[in-house]
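To start, the structure under review is shown below, and the notes come after it.
The values are calculated or read from the model by the stated rules, or taken from the named source; none is laboratory data. Fair warning: this is a prediction, and the values are worked out from it, not measured in the lab. Here the Cβ positions follow ideal geometry from the backbone for every residue, glycine too, while neighbour counts run over all protein chains shown.
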Amino acid sequence: MTTTPARPCGRAWHMRGGLVGLLAGLLMCAQAMADDAGAKLAQRVYDRADGNDASSAVTMTLTEEGRAPRSRSLFLYRLSGASGEVSTLIRFTEPADIEGTGLLTLDAADGTSNQWIYLPAMQRVRRVDANRKGGRFVNSDYYYEDLRDRKPAMDAHRIIGRERVGKIECEVLESVPVEASNSVYLRRVSWIDPASLLPMRVDFFEKDMDKPTKRLIVDKHEQVKGYWTVMDSTLTDLGSGHQTRLTVNRMVYDRGLPARLFGSKALEEERTEKEFRP
Amino acid sequence: MVEFGRQARGPLATALVVALVAGLPMSGLAADDGGDAFAAGVDKLWMEAGRIFDHPDASGTGLLHGAVSAKGSSGAFEYALGARFDANAQFGDRDFTRTRVDYGENYLRWRDDATRLTVGAQNVLWGRVDEISPIDRMSRADLTRVILDKLPERRRAVPAVRLERFADDFKIDAVWLPTFDDAVMPDRRSVWNPVDTRAGRLLGIGDLPLMKGFRVKDANHDTGGGGVRLTRGGDELDYGFSIQRVRQSQPYYRVTPGVLQAVHPYSTVVGAELEAERLGATWRMEAAWSSDVPVTTRGFQYLTKPGFDMVVGAEFFPGDAETRVTLQLGGHRTFVEQRVLERKEIYTFNGEIEHPFAHGRWRADLRFVVGLDERDLYLNPKLSYTGIDQHEIYIAAHLFDGAQKTLGGFYDRNDLVMVGWQAKF
């Protein structure tokens, strides 16, 4: 998983890289004023190399002023198929009340998805709505849409400037859904690092085209086995100040994850998946 | 008065509790040495107190629950040791305190890439729908609080030999219950007991004055039966078929002179299930035909007759937002020509609305059951604070109303409000 916090037209974090990556994907929006340069940049971001498979150990920390932080630990596995299909498995290991919960997502090359959750309390695998966009993922600031693969063609893109994020001179890419119904966002603006093709910052606009409601900042990125990877990022709800920080503790690419890791047995049996933890 | 339950499993369960709790910190012990792993500790603590408003003999209830376990693995083998402690109290004229120690999951498992063989007490919960799964016949029911808890809390481990085989998108699950362990029932004095020999009332039948003062005799069965379930998932439709020959976990009370004899008749159950995502909702369906549904004629003759159960439900998120809604239609019919004391047909509408808010620090729930052919109502609103990881603090109400042969009617004096805390470790 390429913890790419925001891949402007990108693949969901769980698909291609990390929680973060997923967000990135959503961010691009451009009204009807797309330009070729914007579309090309969005495609390059989407096509950025991130290995055939990836395994990562991630900590998600939820913070809110005046309240004790809450932390979730999880393992995330992604396998990319030759035809464009992507399989993802998430296993939560902390806290105890969600320990063992698994989420399996199979994204076909044609854009359709199927998703199942394993609930340890019930010891049951249940199908869940794979097309859900709204709603918070495990009470974080990430919406379910932020976790899904998002093809560049789903948005109209244009480059609206250049701007520094920290020490990096980024290209600012605006993305607007081609069909408003396919996103909870009206618009996304991403600050793309030309070197790594990772978004260093993403602003999300939900109800007002000019006033962002969420902001993703990449705090740390580095190359792992030659693949640029977001290692630390923070998504802030600009209204409440609530934050979700994703920290990648370990990341391994191209280790030859087997297809059986993305089936019902591995979903309901933690021990099968445990053998592949990074 | 303190009483150990009939199924307390005295020495074994007590020894498990003592062995597991002794010296273990709340967060447990864990070790992972290459392929070998071990973890032990307290799994759950739960306290609750309730106020009953309308019952002439009870004014309140109390609950204290704890569960401990140890799990480990070595090579292809895994093992689990688990035990639970429950103390139930009732206040008022029919006051009592009952403590029980019972087994949890205690098994030895062998596994390879495609197979799991598990021997010992384990949770077996077949089915897909919520709350009233027609094909969930393998598990041991926990009826100490009737419907107050959600389905996983109303099920306990059952002694079984289980073989699970995975092949591509298919799974075969074969279970044999070499011994029969019946449902865990409420204390005889509990307002939740389905039998009230003081007032002459029986759940499902209603008033039966002749049974006032009857003695209730428990059943003593040997084997529990077995079954096979085949399921497939992976495409746009998940489905499964099952056949079981099992004893029903919950007792049926056969009326004999002066005695209500609990029986657990064998029934052959043929089930079908499916699950699909359509129109923005996840649809779940289960149907089961049973060969032997127990009934009592108006002449107090005990019979078993075929029956059919079906549940169709949908889970969705209105407005694609936080609120989760599950709605289900359930129907039951017993194919009996004679006039019987029970309802031959039962149709219900049930479900749950769950709304987390304040970034999941709070949650509002409403569970409900509404009768469609008879007046029958159960409402369970609940407000929970979940802002501390692993902990839940809540206030909830359970409200009943209905005709005399319905669940709501039988418990219509049991309306209560409760506060509680539970933590998982």
When residues of the stretch B:275-333 are filtered for being among the charged types (D, E, K, R), at the interface with chain A (Cβ under 9 Å from one of its Cβ atoms) and farther than 21 Å from residue B:363 by Cβ, how many remain? 3
Can you work out which of the residues in the stretch B:103-123 that are of a type outside the set (D, E, K, R) and more than 23 Å from the chain's Cα centre (by Cα) is nearest to the other protein chains (Cβ to nearest Cβ)? B:114
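Residues checked against (1) aromatic (Phe, Trp, Tyr); (2) under 25 Å from residue B:424 (Cα atoms); (3) within 11 Å of another protein chain (Cβ to nearest Cβ); (4) part of a strand (DSSP E or B):
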{"site": "A:111", "(1), (2), (3), (4)": "no, no, no, no"}
{"site": "A:116", "(1), (2), (3), (4)": "yes, yes, yes, yes"}
{"site": "A:138", "(1), (2), (3), (4)": "no, yes, yes, no"}
{"site": "A:141", "(1), (2), (3), (4)": "no, yes, yes, no"}
{"site": "A:150", "(1), (2), (3), (4)": "no, no, no, no"}
{"site": "A:161", "(1), (2), (3), (4)": "no, no, no, yes"}
{"site": "A:169", "(1), (2), (3), (4)": "no, no, no, yes"}
{"site": "A:174", "(1), (2), (3), (4)": "no, no, no, yes"}
{"site": "A:185", "(1), (2), (3), (4)": "yes, no, no, no"}
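Residue-by-condition table, conditions (1) away from chain A (no Cβ under 14 Å); (2) in contact (Cβ under 8 Å) with a residue 24 or more places away in the chain; (3) outside any loop (DSSP other than H, G, I, E, B):
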| residue | (1), (2), (3) |
| --- | --- |
| B:54 | yes, yes, no |
| B:73 | no, yes, yes |
| B:85 | yes, yes, yes |
| B:101 | yes, yes, yes |
| B:125 | no, yes, no |
| B:134 | yes, yes, no |
Count of residues meeting criterion [at the interface with chain B (Cβ under 9 Å from one of its Cβ atoms) and surrounded by 17 or more Cβ atoms within 10 Å (Cβ to Cβ)] in the stretch A:56-97: 7
Among B:245, B:229, the single one that is in contact (Cβ under 8 Å) with a residue 60 or more places away in the chain, assigned to a strand (DSSP E or B) and among the basic types (Lys, Arg) is B:229
Report the residue count in the stretch A:207-224 for those that are part of a loop (DSSP other than H, G, I, E, B) and modelled with pLDDT of 95 or more. 3
For the stretch A:200-233, enumerate the residues that are loosely packed, with under 13 Cβ neighbours inside 10 Å and out of contact with any Ser or Thr (no Cβ under 9 Å at 6 or more places or on another chain). A:208, A:209, A:210, A:211, A:225, A:226
If I filter the stretch B:334-353 down to residues being crowded, with 16+ Cβ neighbours inside 10 Å and of a type in the set (D, E, K, R), which single residue comes out as farthest from the other protein chains (Cβ to nearest Cβ)? B:344
Against the condition at pLDDT 90 or above and over 28 Å from residue A:234 (Cβ atoms), how does residue A:78 come out, does it pass? no
